[in-house]
Every structure is written in C-alpha cells, then in structure tokens.
Amino acid sequence: MSALGSCCAVLFVPIWPIICIILGSILGTISSTFATLIVLSIALIRFPLHLWQTLHVAATNDDCFKGFQGNLWRFPVILLSPIGPILFVLVTTAVSATIGTLRLIGKATRVVYTRKFAEAAEDTRSNLGFEKDSMLGDYWEFCKEVVEDDEFAVTTIKCIKGIFTLVFALAFACLAFIPFSVAMVAVTIYRLPINFFKTMKIALFTVVLRWDLRIIVLFMLPLIHTIFPVLVLVVSMVGSFFWTWGITHQNLFEDHSPFRNWNQLVDTVKEYYEEHKKFVSKRCDRFDHPTGIPMGWNGQQYGFGIERIIRFQLNFLLCVALVLYQTPIILVGTTAIIAIKYIPCCINFWKEYYKGCLCGSDSNTVTMLTIWPFHLLAIVLMPVGSLLFGGCFILLAFLLSIDDVRSLIFEEHAPICVCLGVPWMNIHRCDKWTAEYYAPEFRLFSKKWCCCRHGDDDDDESERQQQYGRSSSSRETLNADVYWDRFANQCIQSTAELLANSFLDFDSVEGMDPSCVQSIPSVAVFAILMDSLQKEGLKRGDIYWKVDETVCEAKGRAQLDNIAALLWPMVLDLQRFLEKNKKTLIMKQQQQEEEQQQAKMAMQALLCDNHDSDESTEAIRKALATITSDKQRALNNQLRTKISRLVLAILRVRPFQERMEKIFEYKYKNPNNNKTMDDDIEAQPPSDDDQQADKSSEDVKTTRTSILGRIFTSSDS
C-alpha cells in the first residue's frame, strides 16, 4: 500500500501545477467578474457627479477659455463634455475586465498552489470593505478625488478643446500649404535658367574636375535640375502642411489668431530666393572665371583616376609583351656566354685552387696525404659548381631584366626603344659580371658595345641621367615651392626696376594697389621669357631663371603638378610668339644695346599702363612714345594680351597668393627720397596714445591681407 502511495505521489507531482492553473483560472475569472461589476457600479454611481463637475468647470472656468475666441470654443466644448465621463466609465470597466482578470487569475493560481486560503479570504474581505491599500479601496479613493478636485475636469476639457481645434487647424493648413508650395516652385523655376547656365558653365570650364568626372557631371546636371523643382514641390508641400497645421493648432488652442506667425512662410520664400541669389553670386562666382580657376586654387583636382587605371593596364600589357620578347633573348644570350666561358672558368678555378691549397706556404706532404680524398673531391666537383654558378648568373640576369622593364615603364616612363634594348644591356651586364667573378679578364664584348646601357657600374652617373633625360637639376626646378619662390624673387626684382624707372608709384606698391598687383607679375613673366630667349644654348620650352642662374630644361622634364600643367601651355604660347616676332619686337640685329633696352622698357611701360598716378603715367607716356612702328605697336598689344591672360590665371592660384605678402612687404627703396618702406613708417611721429598706435599698426597688416579680395575682384573685372 505504501508503494502504491509513493507511486501516486510521484505521478501527482507533474499533474498538480496543471490542476492549480485550471482551478486558478476558474476562481480568478469568477472573482474578476464580481470585481468588474463592482467597478462598473461605482463608475455609474459617480457618473452624474463627474458629468456635473465637468459641465460646471467648462461653463465657469476662464483659464481654459480666454478672450473672444475662447468664448467661441466654450459652447462646443460644453456640448462635448459628456465624452470625458463616458470615456472614464468605459476605460475603467475595460481595464478591470482585461488587466484585472489576468491579475486575479494569477493570484488565484498562486493561492491554490501554495494553499494559502486564509490569506486569500482576508484579501477578499478587505476589497469588499473598500479598505485602504486594497484594489477596490484604491479605486474608490480615486473616484472621490476625481469628483472633489477640478484638475481632472480641467484636463478633460483641455483634451476636448485640443481635439476640436486640431480639426479646425487641419482646414486652415489645407488652405495655406498650396500657395506656399506654388511660391517655392515658382522661385525654383524662375532661378532655374541662371542656375543651370552657371553650373553647366562651371562644369565645362573649371580646372577642378578631371575629364572623367566632368563627363559624368555634364550628363547628371540636366537630370538634377529637372528633378530639383519636383523635389522642392514635395518637400515644401509636406513641410508647410504639417508646420501650418501645428502652428495653427497651437494658436487656436491658446485662443490666438489662427494666422499668427504665418508671416514666417513669406519670410521662408524670401530667404529661399536669397539663397538662390547667393548660390549664383557667391558659391558659383568663386569657380565662374574665364580661366576656369577658382580663387585660391591649390592645384587639387577631383576625378575617378580612370587615366591612371588605363595607363596602368596599358603599361602592364606592355611590360608583359616586353618580358615575352626579352625572355628568349636573355636566356639564349646569357646561356651562350656561360657555355663559352665554362671551360675557361673551370681552368681558372683549378688554377686558383692549386695556387691556394696545393702550393700554399703552409702545405706539406703529410697534410696533403691526410686530406687527399677531400682535395680530389673538390677537383672533381669544381666543374659542377661552375655550372651551378653560371646558372645563378643566368637567373640573376633574367630577374634583373624583368625589374629593369618594370622600372623603365612604370617609374621612368622611358621610350619603347630603350625598353627594347634591356635584354641586350643585361647580356652585356652578364658578360661583365662573369668577367669579374666567373672567368676573370675574359670579356666577349667591349665596354662600348651596348648603346642602351642602364645601371652599369662603370658608367658615369651624369651620363646615365642625361641619356634618360632625368637630371637632379631638372627635378629640382619642377618642385612647386622652388619655382614659385623663384617667380616671387623675380617679381621683387621687377618691382625694384619699375620703381626705379617710375613706372610704378611707391605709395601704390606700399598700398598694394590693384594695378600694381597685375603689373608686377606681368613684367616678371616678360623678364623671365626675355632672359630665356636671350640665353644662348636654350631650346624651346627651356626656362632660364636669372635670379639664381638656373636652367629648367624641357627635355626629360618630369610630370608637372596640376597648377604648372595648367599654366605651362600659356608659357609655351608666349615663347613661340616671342621667337616668331623677336626681330620685330626688340631683337633687330641692327639695333644697338641701348635701343634694345629702350624697346624692353617700352614693353614694360605698356604692361604698367593701367595706373592712375600722374608721375607714373608721364613716365609711361615717355616710354611708349619710343614705339614708332604700327606693326611693333600691334605686336606689343598682342604680347600684352597673352601675358595678361597668363597673369590673371597666376593671380588666382594659392601658391602665388601666399607669396604676395613677401613681394609687397619687401624693403624697396623710394626713388624720391632714397628711403625704404620701414624708414617711412619709422619717420612718422609717434602718437600720444600708444595703444592706439599699436592698434593702427595691426590695422595696417590686417588691411594688407584683407585688400586681396578687392585686388582680385578688380583684376577679374
């Protein structure tokens, strides 16, 4: 019997929780039904009092309804006031029937499982007695607070008023967002032609875009300008609708005019129109220049690098083709050299071994007899070692040929004729190495046999650099900072010369007059070109910097930076123009040196003929009077136009703008009183107020920096 009881107990363990859940669900549902009926009864009993309180507050409270518009909202709110008490009854009953039922089912299940029936009976008694801290007791206290306090009624009235005004605000929003959206689209369409023209012009002529990105931008801009008005329409309709709805609802709820703050819509349209004007006048004007150069351009360009990818692929294919071309040549050539030198190499190895090991000073018969097997083995294996050593030379020559081809194509960009000579050069190199380490003093080719030598040890470094067009001096001149510093020094030298000739006024240079800013680099460009033209032994494209006696040769010039690559075609055009017309301009053979100098000064005066100073104008007029030939005058004007075009581009790039302060703050001598700029400043009597004097000094430096904007604007015009 005990065994049967134990078996039943074991089986009862998993069944008991299920029984508890079933019993708890039944008991909890019954308890919840009675509790819900009680909650509904209390809500219905309190409903008249709650309704009366809501109507009384709606009729007498002035905090919810202010002014004339408040009285308009009071009547509909009074009509809708029963909604609050009705919703209160429905919500409390629904919460009791749902959440309360689930809670009571859980509590009943716990009571059955733990068998704490006395505790459950005490809880039921406290709820039926509406005692404090019981569920029904708390609900009873809450109902009393709702009836006794007006706060709940005020909240109910505000909610009803908010819902009512929200519906009316929706009608106002429907009236407002359509005109606003139409105005925004009208502004967009009105500004569309000028925006489209500006952006297309910039995309077509700017130097900031590379050709690959330029093509994509030119195709995308019409699509973007077509979609933009539609996008503006959608955004303005959605945004203005919800903004107007919200602001109108706030105005109606606070008993203000529904049109309060609607003027912000008009202000938004005006600001949007001003943004369009700013887009053209400020953002586009920085890039919209005849030269295509944005103000302060540092040479940065944007693109996808398709050129580099295509160039790399072409170079790779060329490299593979050259490797296939040179492989049989280098293998056959080096193998032939090793085969020819193999027997002399073995004889040389045996000879050196005999001298070093068998006939050495420390050798004797006993020692030789002791290790004679090893000597015999060395003599037998020497031919094998020579063969392996020769194979290493063949492999080394082949690998070096591949590396030479790679270096010539990808790094030095050598011509194809040089690359074709690589295998023959490496055959020559193999012959030299084997003559040094394999078969001494046995060379098959002379030192001058290969005309395409590259990297040979007995070649002079300067000869190799000259052969491939790569010299240290030419690379140095192509460094951006170097040639811009040289140009700035040339500008300083030209400025001093112009001041001495009275072509520029000292005060204008000190004050950075716009005419000086354009004249000084123009004369500097003219001086550099004339020095290069008169320098003997130079070819077209060579630049002679007289400031430091440096020649930048066009032959073998490395790839220029973006700024130099943009300006270089204009420099070449000027060089060709001067070479073509040098006899007419200043280089007639029958002219004396004084007459040639006079012609140069006339050209300098023409480049400076944009100044307002009476003294400079008189000096310029005298210099220009020396030009008597109409043909020379016409050529001078053409030369001036070409130089001005180049200078306008130079004035817009950042490297020159960064060096303008150096040019204009140089201590030039005043030709009138032989004093420098600093001497003029120091000669002024000190001010009584030292702080004001320091501030004035700082204002002078600030003015010199900020005046650049006025200068560049004037030069553009």
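If you go through the range 659-671, how many residues are free of Cβ contacts under 8 Å to residues at least 24 places away in the same chain and either surrounded by 15 or more Cβ atoms within 10 Å (Cβ to Cβ) or over 19 Å from Ser502 (Cα atoms) (or both)?
The qualifying residues number 0.
Could you check the range 154-206 and list, in sequence order, the residues that are over 28 Å from Met237 (Cβ atoms), touching a residue at least 40 places away in the same chain (Cβ under 8 Å) and touching a Leu at 6+ places or on another chain (Cβ under 6 Å)?
Ile160
Out of Lys144, Lys158, Lys132, which single residue is out of contact with any Gly (no Cβ under 8 Å at 6 or more places or on another chain) and not in a helix (DSSP H, G or I)?
Lys132
Name the single residue that is most open to solvent (accessible area, probe 1.4 Å) among those in the range 294-350 being among the small types (Gly, Ala, Ser) and under 30 Å from Thr206 (Cβ atoms).
By that ranking, first place goes to Gly303.
How many residues does the range 387-415 contain that are in contact (Cβ under 8 Å) with a residue 24 or more places away in the chain, in a helix (DSSP H, G or I), within 19 Å of Leu317 (Cα to Cα) and of a type outside the set (A, V, I, L, M)?
Residues in the range 387-415 being in contact (Cβ under 8 Å) with a residue 24 or more places away in the chain, in a helix (DSSP H, G or I), within 19 Å of Leu317 (Cα to Cα) and of a type outside the set (A, V, I, L, M): 5 in total.
Under the condition of being part of a helix (DSSP H, G or I) and surrounded by fewer than 17 Cβ atoms within 10 Å (Cβ to Cβ), which residue from the range 243-268 is modelled with the lowest pLDDT?
Ranking the qualifying residues of the range 243-268, first place goes to Gln250.
Within the range 209-219, can one find any residue that is open to solvent by 40 Å² or more (accessible area, probe 1.4 Å) and outside any helix (DSSP H, G or I)?
Within the range 209-219, one or more residues are open to solvent by 40 Å² or more (accessible area, probe 1.4 Å) and outside any helix (DSSP H, G or I).
Which one is modelled with the highest pLDDT, of the residues in the range 600-621 that are in a helix (DSSP H, G or I) and loosely packed, with under 13 Cβ neighbours inside 10 Å?
Arg621
The values are calculated or read from the model by the stated rules, or taken from the named source; none is laboratory data. Note that the structure is predicted; figures quoted are calculated from it, not measured. FYI the Cβ positions are ideal-geometry reconstructions off the backbone, even for glycines, and counts take in every protein chain you see. SASA here: full protein model, heavy atoms, side chains in, ligands and nucleic acids out. Shrake-Rupley method; radii C 1.70, N 1.55, O 1.52, S 1.80 Å.
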